[in-house]
Amino acid sequence: MNRIRFVIYLSWLCCNLGLECQGDVFRYRDSTGNLVEIEARLAGSGQGAHALELSDGQLRIIPQAAVEQRVPQSGPEPIAIQQMVERLQQQFPRDRFRVYKRSPYVVGLILASPVEQSNEIRIRGFMQKTARFMKLVEGVFMKFAKSARFPLAAPRFPLVTLVFESDRDFERYAQTATGGRGVSARNIAGFYSTLTNFLVLRLTECHTFETPLHEAIHQQVHNRNVLQRLAPIPVWFNEGLATGFDGNSQRINIGPSKVSPRYAKPAMRARQLDWKTVIADDRAFRGNVLAGEAYAHAWSIHWLLLTRHKVRYMSYVKSLSKLTPLSTVDSQRRIRDFEETFGESVVELQQEFKRSVEIALRKQRARLDLPAPDGVLVQQSDMAEVRVQAVSTDRVLRVTGKLKNISPIRALSFVVRVETHAGNYADWHVAGLGVNKATLLPRQTFSGGKAQGHGDATSFRVRVYSADPRSETGRAWSRGHRPSSNPKR
């Protein structure tokens, strides 16, 4: 499954977070008509709404017309890390929630099911590793931010990372957090929410920390005074900055001034979108179809401006940091502000990128990402890393593979299913595969003729399912009751 990194901007509600020193007690009517009293700081107003900043750093959006009284107060004071821990413990089931603190970070792990006591040491080790990674991201980001002369400040609130062991639990949480808008929950690898201020991840994505790196950059940007949360910041700038950082596990080996092999190739080959479309409008980032090209363009725009127009780039960042709370910026103004700042048209800058990136690739000796060989699919999902190779001869598909349990916590049982687009499938059941253990998937052969579907019988996709071997699901698999071929999640 190709998942898309996604940052929740919720721009249909709000656009900016201003920092006023005054705290207040707001009394307002909620959507059911009940009177609510809350101590908060007015973060911004506009579009008929107020953004209220709570003591834990979350933002609550309420209609201006719903406010009945506003009483000046001195608070609220940001909560301490231990208070944040206690609030998270109230939000998630205690038998499935673990937490680790390393100031200013709080790492919360939501387990799919209770674990044996013998697994607790692994759980703690994973959370310590995650907290170390967040500190590493902080150091790399701060070094870059100082070189780019970003305005910087210390975080005012504990920085929370929530990790879900179960993909289903993650997707339910993401569906609620996004309101079902934008990229579908199944296609989200992880996200940073500008409303809750939380970084939310699948445990599968913490195998390499590739997605956590991207989303943690967003959290750094919005908590160190570079950009204000809920400001009408163009999505291309936010995503372009974050895509500039790349790494694997506990190493971050590329920064925004380097050419990213991951994004350079699709940026040069993009056909559906151009720079002007991406700069003028954020919608391409919020759908499943165009997001790939949109992210590639975001990287390319940011890279060119940072490396070839640095003085004007710093001026542009300053202008973004001054956008007013809950304001709007239309497409024409975006283009006009961009071109006036950089002194060239968007079309001219895109042409400059194509020339500049080819020169930079030669100097950097970077190789663009190479696709997997035909008939080979590699993916990570449901705590498994799977490599499947298929060979088709006379419409007979021969499939082999390798499966690795990438859970840092516990042994798991897996069902790996290869499905052709014609509806045929073959599957493997692996029971109780240990942490970081791998096993071969023996060759299976099945006919490529038409069956349930009407598509190509030689093209295929892979589905992976995981379960605790002791669970009802795990025991059912061992009895031969496998997942349905077209599950509803």
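The values are calculated or read from the model by the stated rules, or taken from the named source; none is laboratory data. All values derive from a computational prediction rather than experimental measurement. Here the Cβ is made from the backbone with ideal geometry for all residues, glycine too, and neighbour counts use every protein chain on show.
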Filter result (closer than 16 Å to residue 306 by Cβ and touching a helix residue (DSSP H, G or I) at 6+ places or on another chain (Cβ under 8 Å)) within the stretch 318-342: 319, 320, 338, 341, 342
Residue match in the stretch 75-98 (condition: touching a helix residue (DSSP H, G or I) at 6+ places or on another chain (Cβ under 6 Å), crowded, with 18+ Cβ neighbours inside 10 Å, outside the structural domain of residue 468 (by TED's automatic domain parsing) and under 22 Å from residue 197 (Cα atoms)): yes
Strands (runs of 3 or more DSSP E) wholly inside the stretch 19-130 that include at least 1 residues being of a type in the set (S, T, N, Q) and either closer than 30 Å to residue 327 by Cα or touching a strand residue (DSSP E or B) at 6+ places or on another chain (Cβ under 7 Å) (or both): 35-46, 67-73
The stretch 198-236: number of residues that are over 23 Å from residue 146 (Cβ atoms) and touching a Pro at 6+ places or on another chain (Cβ under 9 Å): 6
Residue that is nearest to residue 32 (Cα to Cα) [pool: residues in the stretch 47-88 that are without any contact (Cβ under 8 Å) to a residue 40 or more places away in the chain and of a type in the set (Val, Ile, Thr)]: 62
Test: residue in the stretch 307-325 that is among the small types (Gly, Ala, Ser), surrounded by 20 or more Cβ atoms within 10 Å (Cβ to Cβ) and either touching a Ser or Thr at 6+ places or on another chain (Cβ under 9 Å) or part of a helix (DSSP H, G or I) (or both): no
Count - residues of the stretch 400-448 that are part of a loop (DSSP other than H, G, I, E, B), surrounded by fewer than 15 Cβ atoms within 10 Å (Cβ to Cβ) and among the polar types (S, T, N, Q): 1
